[in-house]
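Here is the structure we will look at, set down as structure tokens.
Rule-based calculations on the coordinates, nothing more; no lab input. All values derive from a computational prediction rather than experimental measurement. Counting neighbours? That spans all protein chains shown, and the Cβs are built from the backbone with ideal geometry, glycine included.
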Amino acid sequence: MTSARLLFTALFAASIIGFLAGSYRRFRLLLLGKKENRFDRPLERLRDMLVYAFGQKRVMAKPFGVNHTIIFWSFLVLLLPNGEFILQGLFPALTFQRLPIAVLQPLTLAFEAVSLLALAAVVIAAARRLFFAPAYLNASYVKARSVDAFLILGFIGILMMAYFGMHAASIAQGKEAAGWFAPVSTLLSRALAGSSSEGLETVVAVCWWIHALVLLAFMIYIPLSKHMHILAAIPNCYFKNMEPASIPPREEFVAGREFGVGRVVQFTWKDLLDGFSCTECGRCQAACPAAATGKSLNPRQIVHDMKVNLLKNGPFLHNGGAPVLPLIGDQGEGSSREDALWACTTCGACMEVCPVLIEQMPKIVKMRRNLVETHARFPEELLNLFENMEQRSNPWGIAPTERAKWCSSLAVKPFVKGETEYLFFVGCAGAFDARNKGVSVALATVLNAAGVSWGILGKDEKCCGDSLRRLGNEYVFDKAAKENVAQFNEKGVTKVITQCPHCYHTLKNDYRQYGANWEILHHSEFIARLLKEGKLKLKLKHKVSEMGRSVIHDSCYLGRHNGLYEAPREVFSAATGAMPGEMARQKEDSFCCGAGGGRMWMEECSGERINLARVKESLEGKPDTICVSCPYCLTMFEDGLKDIGADRVRVKDIAEVVAAGLGS
Amino acid sequence: MLIVACIKQVPDTTQVKIDPVTNTLVRQGIPIIVNPYDTNALEESLRLRDRFGGRVVAVSMGPPNADVTLRKALALGVNEAVLLSDRAFGGADTLATSCVLSAAIAKLAEEDELTLVVCGKQTIDGDTAQVGPGIATRMGLTQLTLVDSVENLDLKARRIRVRRKLEGRHEIVEAPLPALLTVVREINRPRYPTVPHRLDSLKAEVKVWDNKVLNLDVNTIGLKGSPTCVRRIFSPEREKGEILGDALRDPAGATGLLVEKLVQKDLLPL
């Protein structure tokens, strides 16, 4: 064995050990997390992994993502020649050169082409970071021009160049054939044409060693950097959330436990894997309404801080010790600030855009649970909300006996077991909020016009507990959920119509954790069905002119969380004879009104108000009417329009648009 | 140091109706809450204990189901909870109530040095504001009502300095301990119970003392010990309001009319 081969063998062994040791250390950290079953439905998981990881579906949702897809697939293809490279380094006889020409030539062409593409892609990526980095690449602790990013791009670029250099010199030496199948190496070999044989030998050796050293360094470096995502992101797509909504599980209220997540090891292994899967691409940051309006929350930072916290505390935690860096606090990198956690509207925009399906929002809710339940620490304006919810089962603390007052002008029947088909779950806003009572009345009118058998629970209706759950007050939510499920079951409720996407989501998705399995319909969905079935007849005359120019806003809890985008639009066009106008950010990209996640009940003191940002966007199309399908959105838009003196623009719920289309 | 917080469970008065026939509160189906002023009394007691040490005992007189109210106090962190419950205590007015509460507090003070009794300013059902002063008088405690701030507690000199919230002014009073405070809502913001505390409170013991324990003369407690009798209870008729001028178009004119009216009715001290 030559001394060079011996040296390479030793280096290779060292880098494999480095790689395995680094990966194992990360893997052991994952095992510190709590249990979570993400092993069900293997075939669907496999399918999603192919679509999202190998198919790079979300990555390519942004044009620049194509560049990443090129690097990703180049990486996969070039695993072959790099594998050959290592094998040949260990056992010189094992080389592709021994393959039959009919195989070798197309293979060589493929490697050359892919290497060239990869080289171009890393140059473009580096140039983007250097000269036209989008704002979302920069966060508090990780910058667009980070050493980490350039190191990896440099590694890949050098590997490609060394690859070409090595083969060009071999061609010049006459050891490899020139030709159409190796266009880049052949071209480069011409530049080396006049060199001496020693010179060429040196070029080959230098390129070979550069290639070898970079490749081996790369292996050691992967598990130690953010490029751990190369290993973690693919399984992360496999272990994605398969439930219809991303909701943290119920808690068991047993004395002597801690509640929520206050220490990093209270996250599940999947939460921790999210941390290693994050590449700091910043897309969640770009989509987040809180981050966009200058709040301290940045969903990317939440995931980053969790990872840093795990890495810093890991060595101590393994020995059963206490963490040295708190998970929630003002200690800088590795700790999430409380005000950041409270800034989340749980709109889900971060999860919608994450290319590797990281779940940022549930982590925030888990940490809120810890603050509320274990420490009773939360913004002071929530104290009244929590007490009102617990005492009077509505956010305003209004007497439950007032719940049915909205319909005093209508003959609304109570829900009767065995007789009434649909329960209209009015919701707190629909029952108590002056403006939203009008929406309840409009919907009641529509239901009556269609001859639907429906009724209400009246003063027995209780809050669904949406805000409680998103705010982390799981203990009080748990009580509310159990009471509601028991009442529905006792009254024989099977079909429910809601006019609030938050009630809709909570009854439909959250209550599944309590064994509920009713048919829950948002009013837009139900009206669309009535129209389709011909049960609801609308008069179109002059309605379009009454609406004027209109624009539609997607509620986060209807849209992103439940995928209902078409129903409100269908209903709108049926009622007015025209499709509504669209905002720049619509459907999956819709921008939150600012009221979700319990933010409805909190002050918004820092940065621009989220509702103003959205109202301004909605006014770009110079609408006369903004059409919404959520009580919170309705309030936030009306408030926002008043704030900027644009309240000549009306805000209408879809039910009101339909009711107006009924004629009198 | 012993701090006794007196709390009462009351019907949620935002939901209360009066039975026009019997002239009593319709209590059926009305949720029960901790008297809001008492939540501030509890909070102040806990804060003083957290600062100066000692124990807080929550005391309530009421039916057996008042246990729930005391568990809420336990969930907030009081050291002990005592329910004073006996059929003989029933139907008590403020005089008889203060008699029972005083006896219970005196009994608690046998084991520990009584420093403070803290009550809410009044309850939202009776609204008399008499029980606190009643206890202070019976027990010979310094009576400090309408406290909105405890400025100083000097345990060595056995003195307390508080700020009282009076109409249009504040009064700072220094007085000897032991004292009874009645507190207003502005004194603090009550804490929120943590889940671990809530869970512990479900298992904690609420002591129940009946008249066998307190051994009071039956003529001084309950209905028999209550000289007050309710003749009639009713919601006052509200006179119809009136809109003065047009504040939108002529704010100055409307304000002038309002001032005139207030002066006329002698509602504006000039």
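Just a few scattered comments:
- Helix A:523-532 axis, angle to chain A major axis (alpha carbon atoms, nearest 10°): 80 degrees
- Rel. contact order, % - alpha carbon contacts under 8 angstrom, at least six apart, segment A:4-144: 22 percent
- Considering only beta bridges that DSSP places wholly inside segment B:2-220, some 40 percent are antiparallel.
- Residues whose amide H lies under 5 Å from that of A:W454, counting only those 5 or more places away or on a different chain, are A:E421, A:Y422; hydrogens are built 1.01 Å from N in the peptide plane.
- Sorting the segments A:639-651, A:421-433 by their mean number of nearby beta carbons within 10 angstrom, highest to lowest, gives A:421-433, A:639-651.
- Neighbouring partner chain Cβ atoms per residue of A:468-479, average, 10 Å criterion: 1
- Gyration tensor verdict on segment B:2-220 (Cα atoms; rounded if a/c is under 1.5, prolate if a/b is larger than b/c, oblate otherwise): rounded
- Computed over chain A, relative contact order equals 12 percent, with contacts defined as Cα pairs under 8 Å that lie 6+ residues apart.
- In plain terms, if you count all Cα to Cα distances in segment A:234-383 and split them into 5 Å steps from zero, the share in each step is 2, 10, 19, 23, 22, 15, 7, 2, 0 percent.
- Counting only residues at least eight positions apart within a chain, or on another chain, the aspartates and glutamates with an alpha carbon under 13 Å from that of B:K203 are B:D67, B:E80.
- For chain B, a Gaussian network of Cα nodes joined below 10 Å ranks B:V131, B:V213, B:V117 by mean-square fluctuation, and the top entry is B:V213.
- Taking a ≥ b ≥ c as the square roots of the eigenvalues of the alpha carbon gyration tensor, segment A:206-308 is prolate, as a/c is not under 1.5 and a/b beats b/c.
- Sorted largest first, the spans of the alpha carbon positions of the protein assembly as shown along the three principal axes are 122, 79, 60 Å.
- Cα gyration tensor shape of segment B:148-200, rounded if a/c is under 1.5, else prolate or oblate by comparing a/b with b/c: oblate
- Sequentially through segment B:110-123, phi angles give Karplus couplings (6.51, -1.76, 1.60; θ = phi - 60°) of 5, 8, 8, 6, 6, 9, 9, 10, 10, 10, x, 4, 6, 9 Hz, Gly and Pro residues having no value and appearing as x.
- Sequence ranges B:151-162, A:223-234, ranked by mean other-Cβ count within 10 angstrom, highest first: A:223-234, B:151-162
- Taking amide H as placed 1.01 Å from N in the peptide plane, the amide H of A:C593 sits under 5 Å from that of A:C556, each at least 5 places away or on another chain.
- Anchor A:K62: lysines whose Cα lies under 17 Å away (excluding residues fewer than 8 positions away in-chain): A:K587
- For segment B:115-270, the spread of Cα positions along each principal axis, largest first, Å: 67, 44, 39
- Helical runs (DSSP H, four residues minimum) scored at -39500 (n - 2.57) apiece and divided by the length of chain A put the mean residue ellipticity at 222 nm at -16500 deg cm²/dmol.
- Cβ-based net charge around A:H318, under 11 Å, with every Lys or Arg adding one and every Asp or Glu removing one: +2
- For segment A:476-484, 3J(HN,Hα) per residue [Karplus equation, 6.51 cos²θ - 1.76 cosθ + 1.60, θ = phi - 60°, Hz, x = Gly/Pro]: 6, 4, 4, 5, 4, 5, 4, 5, 5
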